[in-house]
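**Student:** Below is a structure I'd like to ask you about.
The values are calculated or read from the model by the stated rules, or taken from the named source; none is laboratory data. Treat the numbers as computed from the prediction; the structure is a model and nothing was measured. A quick note on method: Cβ atoms are made from the backbone with ideal geometry, for glycine too, and the neighbour counts reach across all protein chains shown. Heads up: the accessible areas ignore ligands, DNA and RNA and are worked out on the full protein's heavy atoms, side chains in. Shrake-Rupley method; radii C 1.70, N 1.55, O 1.52, S 1.80 Å.
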Amino acid sequence: MTQDTLTSPARLELVRQAIAATVQAAGRAVGDVTLVAVSKTFAPDDIRPVLETGQRVFGENRVQEAHGKWPGLRESFSDIELHLIGPLQSNKVDDAISLFDVIETLDREKLARALVAERDKGQALPDLFVQVNTGAEPQKAGVLPEEVDAFVRLCREELSLPVVGLMCIPPVDEEPALHFTLLEKIAQRNNLQKLSMGMSGDFETAVEFGATHVRVGSAIFGSRTAP
Ligand SMILES: *Cc1c(COP(=O)(O)O)cnc(C)c1O
């Protein structure tokens, strides 16, 4: 899907059209799916043209990098919605909640309790997604599928955290639809409405399987040179 000869606004338009077509074909309502434009590794000058098209929801995977980029952009565009889609250390929670509107990577009790501690200090918390390690990959973050129900219960009932949905990153070498189906099932039985799944290579599949948020980076911004 990456077409490096096009500008990022042109690629964004193609992604938007693909999402709209898939939403329609799936019989879902337009507006059901939020495009999170993943701008990690890209500079403010690369992001600005995408903001100028009207895109307002963005994803970043590193707290420090995001702090260097987004306060300046927010001076020009006040209604940006920023999602943290990368791992969060519990000692960086205050930095994260001062910048991000949504944290998609809640994945352990220590982090949940660090969020509670910030709320107890009077901080408003962003909406939270629980990251699920659907492929049970040892190197990957996320709660194991068999532990999600208990973790969601802990977060919502005991800690009263604003958990709104689930997020996953399927293993690179497996059929993503299996993982999207699994995530959707876990969300259903936990009565969670939002599903963040699908990236540049598989966002259309994710929409077919119920994604409410797709996280698309290289298909919009072009290939990344740095990891
Ligand atoms: C980088 C990243 C994406 C976007 O990946 P692309 O393949 O460039 O679309 C999505 N989700 C997460 C968690 C990421 O780190």
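**Student:** From 208, 204, 184, 174, grab the single residue that is under 19 Å from the mean Cα position of the chain (by Cα), within 16 Å of the ligand (Cβ to nearest atom) and open to solvent by 40 Å² or more (accessible area, probe 1.4 Å). Walk me through it before giving the result.
**Tutor:** On the way: 208 fails: within 16 Å of the ligand (Cβ to nearest atom); 184 fails: within 16 Å of the ligand (Cβ to nearest atom); 174 fails: under 19 Å from the mean Cα position of the chain (by Cα).
One residue alone meets the criteria, 204.
**Student:** Could you please let me know if residue 223 is over 15 Å from the mean Cα position of the chain (by Cα), of a type in the set (Ser, Thr, Tyr), on the phi > 0 side of the Ramachandran plot and surrounded by fewer than 23 Cβ atoms within 10 Å (Cβ to Cβ)? Reasoning before the result, please.
**Tutor:** Values: over 15 Å from the mean Cα position of the chain (by Cα): yes; of a type in the set (Ser, Thr, Tyr): yes; on the phi > 0 side of the Ramachandran plot: no; surrounded by fewer than 23 Cβ atoms within 10 Å (Cβ to Cβ): yes.
In short, no.
**Student:** Looking at 140, 194, can you tell me which residue is out of contact with any Leu (no Cβ under 6 Å at 6 or more places or on another chain), among the charged types (D, E, K, R) and in contact (Cβ under 8 Å) with a residue 40 or more places away in the chain? Working first, answer last.
**Tutor:** Details: 140 fails: in contact (Cβ under 8 Å) with a residue 40 or more places away in the chain.
Of 140, 194, the one residue that is out of contact with any Leu (no Cβ under 6 Å at 6 or more places or on another chain), among the charged types (D, E, K, R) and in contact (Cβ under 8 Å) with a residue 40 or more places away in the chain is 194.
**Student:** List every residue pair whose Cβ atoms lie under 7 Å apart, where the two residues are 6 or more positions apart in sequence or sit on different chains, the first residue falls within region 56-76 and is open to solvent by 50 Å² or more (accessible area, probe 1.4 Å), and the second residue, located anywhere, is part of a helix (DSSP H, G or I).
**Tutor:** Every condition considered, the pairs that remain are 67/95.
**Student:** Please find, within region 99-116, the residue that is farthest from residue 80 (Cα to Cα) out of those that are more than 16 Å from the chain's Cα centre (by Cα) and in contact (Cβ under 8 Å) with a residue 24 or more places away in the chain. Spell out the reasoning first.
**Tutor:** Our first condition is that a residue be more than 16 Å from the chain's Cα centre (by Cα); within region 99-116, this holds for 108-116.
Next, from what is left, pick out any that are in contact (Cβ under 8 Å) with a residue 24 or more places away in the chain: 108-109, 112-116.
On the way: 108: 27, 109: 29, 112: 25, 113: 27, 114: 25, 115: 22, 116: 25 Å.
Checking each candidate, the answer is 109.
**Student:** Now for a different question. Return a yes/no flag: does region 5-24 have any residue that is modelled with pLDDT under 95, away from the ligand (no atom under 12 Å from the Cβ) and surrounded by fewer than 15 Cβ atoms within 10 Å (Cβ to Cβ). Lay out the reasoning, then the answer.
**Tutor:** To start, the set of residues in region 5-24 that are modelled with pLDDT under 95 comprises 5-6.
Filter once more, so that each one left must be away from the ligand (no atom under 12 Å from the Cβ): 5-6.
After this cut, where a residue has to be surrounded by fewer than 15 Cβ atoms within 10 Å (Cβ to Cβ) as well, the list is 5-6.
Looking through region 5-24, at least one residue is modelled with pLDDT under 95, away from the ligand (no atom under 12 Å from the Cβ) and surrounded by fewer than 15 Cβ atoms within 10 Å (Cβ to Cβ).
**Student:** Also, I was wondering about something else. Kindly list, by first and then second residue, each pair from a residue in region 205-227 that is aromatic (Phe, Trp, Tyr) to a residue that is at pLDDT 95 or above and open to solvent by 10 Å² or more (accessible area, probe 1.4 Å), limited to pairs with Cβ atoms under 7 Å and residues at least 6 apart or on different chains.
**Tutor:** Once the first residue is aromatic (Phe, Trp, Tyr) and sits in region 205-227, its partners that are at pLDDT 95 or above and open to solvent by 10 Å² or more (accessible area, probe 1.4 Å) give 209/177; 209/181; 209/184; 221/8; 221/42; 221/46.
**Student:** Out of (1) touching a Phe, Trp or Tyr at 6+ places or on another chain (Cβ under 7 Å); (2) of a type outside the set (D, E, K, R); (3) within 27 Å of residue 53 (Cβ to Cβ); (4) within 14 Å of the ligand (Cβ to nearest atom), the odd one out for residue 164 is which?
**Tutor:** The number of the failed condition is (4).
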